[in-house]
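What follows is a set of notes on a single structure, which appears directly below.
The values are calculated or read from the model by the stated rules, or taken from the named source; none is laboratory data. These figures come from a predicted structure and were not determined experimentally. Quick reminder, even Gly has a Cβ in these numbers, built from the backbone with ideal geometry, and neighbours come from all protein chains shown.
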Amino acid sequence: MAKSRFLGEFEQFVLLAILRLGEQAYGTTIRQILLDVIQRDVSIGALYTTLTRLEDKGLIRSAMGEATAERGGRAKKYFEITAEGKRALQETRQSLDAMWRDVKLSFVGVKQ
Amino acid sequence: MNKCSPPRIAEALLEKVLPADLKEPLLGDLEEEFQQIQFNQSKQACQIWYWRQALLTSFHYFNQTQKALIMFAFSVLFFVALTIFAMELSGGASMFFDVPSLILTLPPALVFTLAVSTPGNVKQAFSCLFSGHVDSLRQMKSSVMVFDVLGTSCLWLGALMTLLGWVAMGSHIEDVAIIGPAFAVSILTLLYAMGVKLVCYVAAQRINYLGQGLSPNLD
């Protein structure tokens, strides 16, 4: 059986954010989409730690972009998901779907 | 609307702590977002937001980029703690503190080091030690030389001042009451000198280790 690679929860969120943003995926936009969609306000340091780890695993690749005035003349670092990254995301989703099959959550008697 | 700049100290902290390849994109991202949030938040709230990001980010990267500094500081603190423990076991730490003994050794040793090197080299040696980066073989050699001269001249000064104290005691040998304290002070000078020599030896070895594998062509 081929060795599969499951992703952590935050890794999945970051990869999905990069996929949703397409060519506009860099630190600020990824942070913003995580806040807007899942209300998760992560520090820029935590985000870059995860991005660096994903890049080391070969799941994303990065390229330096243009420098703009509103960034104090500093360049953006754009991120793009690799084929291996897409495969890892797909495998994780399939595994989660398989585990959820036939599971029924009952909240009777549980205070919410 | 008057836009303000990110807090300079927080930026400087990030410049110090971040890995080299992340400085530009990460600081740029923070500045971009800082400019954006100024449209709907007060100046104070923006500064707090930036500081929060800077501190949380520094926390993430401090251990990664400042490991050399942490380990050196830890080893020196461990040495100091053990020395104080030994002093306490010997009858109380207070009898081991004597400012004149320290003044007789460390400042002259620092002057000797500046005399055989340059202020720039001394600064560079401490910078290499605390940052954990040695860029060239020449930088490594000059930094090791700084700690060698500092430690060795401190040790010799300690020995010299101890002998000087003994000569002074010898000339007042009839007055037994002053010999005890005078002897203790003279020995303290040597003790301090040996402590400084030990720390300088560890610092020089640390720089030697950091410079392993540097090519002579990089000078």
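The single condition from (1) at pLDDT 90 or above; (2) under 30 Å from residue B:65 (Cβ atoms) that residue B:157 fails is (2).
Number of residues in segment B:29-53 that are assigned to a helix (DSSP H, G or I) and more than 9 Å from every other protein chain (Cβ to nearest Cβ) equals 11.
The set of residues from segment A:61-80 being assigned to a strand (DSSP E or B), charged (D, E, K, R) and in contact with a Gly (Cβ under 8 Å, 6 or more places away or on another chain) comprises A:74, A:76, A:77. For beta carbons closer than 6 Å, sequence separation of 6+ or different chains, a first residue in segment B:59-70 that is touching a residue at least 24 places away in the same chain (Cβ under 8 Å) and a second that is not hydroxyl-bearing (Ser, Thr, Tyr), the qualifying pairs are B:61/B:17; B:61/B:18; B:62/B:17; B:65/B:17; B:65/B:19; B:68/B:132; B:69/B:130. One residue stands out among those in segment A:54-96 that are in contact with a strand residue (DSSP E or B) (Cβ under 7 Å, 6 or more places away or on another chain) and charged (D, E, K, R): the one that is surrounded by the fewest Cβ atoms within 10 Å (Cβ to Cβ), which is A:66. The set of residues from segment A:17-42 being away from chain B (no Cβ under 14 Å), within 22 Å of residue A:65 (Cβ to Cβ) and surrounded by fewer than 17 Cβ atoms within 10 Å (Cβ to Cβ) comprises A:19, A:20, A:22, A:23. For residue B:74, the test of being in contact (Cβ under 8 Å) with a residue 60 or more places away in the chain, among the aromatic types (Phe, Trp, Tyr) and within 30 Å of residue B:157 (Cβ to Cβ) is failed.
Number of residues in segment B:1-10 that are more than 9 Å from every other protein chain (Cβ to nearest Cβ) and either β-branched (Val, Ile, Thr) or within 32 Å of the chain's Cα centre (by Cα) (or both): the value is 4. Between A:63, A:67, the distinction of being within 11 Å of another protein chain (Cβ to nearest Cβ) and in contact with a helix residue (DSSP H, G or I) (Cβ under 9 Å, 6 or more places away or on another chain) belongs to A:67 only. The sole residue among B:88, B:24 that is assigned to a helix (DSSP H, G or I), among the acidic types (Asp, Glu) and not assigned by TED's automatic domain parsing to the domain that holds residue B:130 is B:24.
Residues considered: B:58, B:75. Of these, the only one that is away from chain A (no Cβ under 14 Å), touching a helix residue (DSSP H, G or I) at 6+ places or on another chain (Cβ under 7 Å) and not in a loop (DSSP other than H, G, I, E, B) is B:75.
Kindly indicate whether residue A:45 is within 14 Å of another protein chain (Cβ to nearest Cβ), in a strand (DSSP E or B) and not hydrophobic (A, V, I, L, M, F, W, C).
no
Taken together, the residues in segment B:1-34 that are surrounded by 13 or more Cβ atoms within 10 Å (Cβ to Cβ) and of a type in the set (A, V, I, L, M) amount to 9.
Yes/no per residue for (1) within 18 Å of residue B:203 (Cα to Cα); (2) surrounded by fewer than 18 Cβ atoms within 10 Å (Cβ to Cβ); (3) touching a strand residue (DSSP E or B) at 6+ places or on another chain (Cβ under 6 Å); (4) among the aliphatic types (A, V, I, L, M):
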position: B:36; (1), (2), (3), (4): no, yes, no, no
position: B:51; (1), (2), (3), (4): no, yes, no, no
position: B:89; (1), (2), (3), (4): no, yes, no, yes
position: B:94; (1), (2), (3), (4): no, yes, no, no
position: B:110; (1), (2), (3), (4): yes, yes, no, yes
